[in-house]
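The values are calculated or read from the model by the stated rules, or taken from the named source; none is laboratory data. If you're wondering where the values come from, they're calculated on a predicted model, not measured in any experiment. Please note: Cβ atoms are built from the backbone with ideal geometry, for glycine as well, and neighbour counts cover all protein chains shown. Side chains included, ligands, DNA and RNA excluded: accessible areas come from the protein's heavy atoms. Shrake-Rupley method; radii C 1.70, N 1.55, O 1.52, S 1.80 Å.
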Amino acid sequence: MSMITEVELVEFDHEIRYGYDEAGRPLAVPRTRTIRRFGVRIRTDEGITGDYVTLWSAPPLAAPQVVAIARSIIGCRLTDRELIWDRANRNLAKSDRIGAGAIDIALWDAAGKAAGMSVSDLLGRFRDRLPAYVSTVGGGHGLGGLSDPASYRDFADHCAGRGIPGYKIHGPSNGDHRAEAAALRASAEGSAGRSDVMTDPGNSLRTLADALALGRVCDEVGAYWWEDPMRDNAPFGHKILRDKIKTPLLITEFVRGLELRMAVALDGGTDFLRADPELDMGITGVMKTAHAAESIGLDLEVHASGPAQRHCMAAIRNTNYYELGLLDPESGNPLHPPVYADDYAEDLDAVGADGCVGLPDRPGLGVSYDWERLYAANADRMIID
């Protein structure tokens, strides 16, 4: 049985380019901001390597958690994923546990390579093609050309014209419900009934009253769902939203822990649940949430994009859409670090004529990482053995 002998943590720089001002106008001199991301490589005594590079969720406290978990798994069998997950869940219970995600995903990648199977095949595949929605960048941050309602309308029209069945906006994200509502109305006009529209203020609305105002617009345009409208995640306030607004509510992106997500659902705080392999303790954590949601008749929507998300969604019945993002009509996918050595991509071209994205079909996650490029990006490397 293959044993884990070494874990490598690679922290690297990702430069984000801001080419626009808050009104969506091109800057004469683009601005840049550097953020840190990290990757994990798990090696075994039989020469098997499991890899994963974080795409979205690499806060400062995640890397130390990776180190702590890595030290505890040296000498474990590659197949001890459930034991490793349980230990991390218990030992990091006073933290957000985000660092466990990359470890778990890398373990699944290694297991798939060892078995000669894709992760979705190991999980038990339900579908081969994943219906996709475009998830936009937030307007007014300088990451792209989305800013006023017309820009959201035009992008919605463009995406619907390409046959993409869903379009979700991250609006101006400044807590102004009127601006959010204007962007949503414009998006519905642009889609013209050809695609489902959703909105995600990202917990930016300050009050229940503001959330109710946006919710009424969701009902007006027939939104498919609305997501994380207000800053608090308390089930009581969200139950009021569910009672007053017809559009299905989707929260728990900002709720950590399997038990807490299910408690929100059982307390009536949401219609759909969220889970993310990077945020919620890996592929194992997402599948636990999906099956728990299924047991009480709820849908589980996988958060964000990436190979781990695709394999999870392929193995989940009670889910609807793959989140393709974060996209912009001018800058493409500005937040997504360039980490692949193959042709894997998260952009409009990834969507086929059927409105779906496909699955990487090689063993494990099915993608190849450009480690030499990451090592050259001001990387800090640590070996735990």
- Note on the structure: Labelled set (i) 21.2, 71; (ii) 20.3, 59; (iii) 22.2, 78; Rg and Dmax of the Cα atoms in Å computed from this model equals the value at (ii)
- Figure the gain on full extension for D232 and L335 (residue separation times 0.36 nm, minus the Cα-Cα span) and round it to one decimal in nm. 34.5 nm
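Quick one: order E8, E22 from most to least accessible surface, probe 1.4 Å.
E22, E8
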- Pairing the Cα long axis of helix 99-115 with the longest principal axis of the chain, what angle in degrees results, from 0 to 90 and rounded to the nearest 10? 60
- Message: Given contacts defined as C-alpha pairs under 8 Å and at least six residues apart, what's the relative contact order of the stretch 1-137, whole-number percent?
- Response: 25
- Item | Contour minus Cα-Cα distance for L27 and F254 (0.36 nm per residue) | 78.4 nm
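Treat every Asp and Glu Cβ in the chain as -1 and every Lys and Arg Cβ as +1, leave all other atoms uncharged, and give the resulting dipole magnitude about the Cα centre to the nearest 20 debye.
Its charge dipole is roughly 640 debye.
Report the antiparallel proportion of the DSSP beta bridges in the chain as a percent, rounded to a multiple of 5. Could the numbers behind the result be given before it?
Details: 30 of 54 bridges.
Bridges in the chain are about 55 percent antiparallel.
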- Which is farthest toward the positive dipole end of the chain among G19, F254, A341, measuring Cα position about the Cα centre, with Cβ charges +1 (Lys, Arg) and -1 (Asp, Glu)? F254
- Message: Ignoring ligands, DNA and RNA, please state the percent of accessible area on the chain from carbon and sulfur, probe 1.4 Å.
- Response: 50
- Item | Per residue accessible area in Å² of the stretch 1-126, where ligands, DNA and RNA are left out and the probe is 1.4 Å | 45
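Which whole-number percent gives the relative contact order of the stretch 133-250, counting Cα pairs below 8 Å spaced six or more residues apart?
22
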- Query: So, in nm, how far is label D385 from label H158 when the simple model puts each one 7 Å beyond its Cα toward the Cβ?
  - Reply: 4.9
- Note on the structure: Taking the alpha-carbon centre of each part, the distance from the stretch 314-340 to the stretch 145-221 in Å is 17
- Those chymotrypsin sites (Phe, Trp or Tyr not before Pro) in the stretch 210-309 that DSSP places in a loop and that have at most 16 other beta carbons within 10 Å: F254
- Task: Please get the size of the charge dipole for the stretch 60-128, origin at its Cα centre, with Cβ charges of +1 on Lys and Arg and -1 on Asp and Glu, quoted in debye to the nearest 20.
- Result: 180
- Relative to the present Cα-Cα distance, how much length would full extension add between D86 and T207 at 0.36 nm per residue of separation? 39.9 nm
- Item | Rounded tilt (10° steps) of 81-91 against the dominant C-alpha axis of the chain | 70
- Message: Run the simple label-point estimate for A376 and S295 please: 7 Å along Cα→C-beta, distance reported in nm.
- Response: 5.0
- Query: At 222 nm, what helix-only mean residue ellipticity would the chain give, in deg cm²/dmol to the nearest 500, using -39500 (n - 2.57) for each DSSP H run of four or more?
  - Reply: -10500 deg cm²/dmol
- Query: Relative to the first principal axis of the alpha-carbon coordinates of the chain, what is the inclination of helix 208-221, with its axis defined by its Cα atoms, in degrees from 0 to 90 and to the nearest 10?
  - Reply: 80
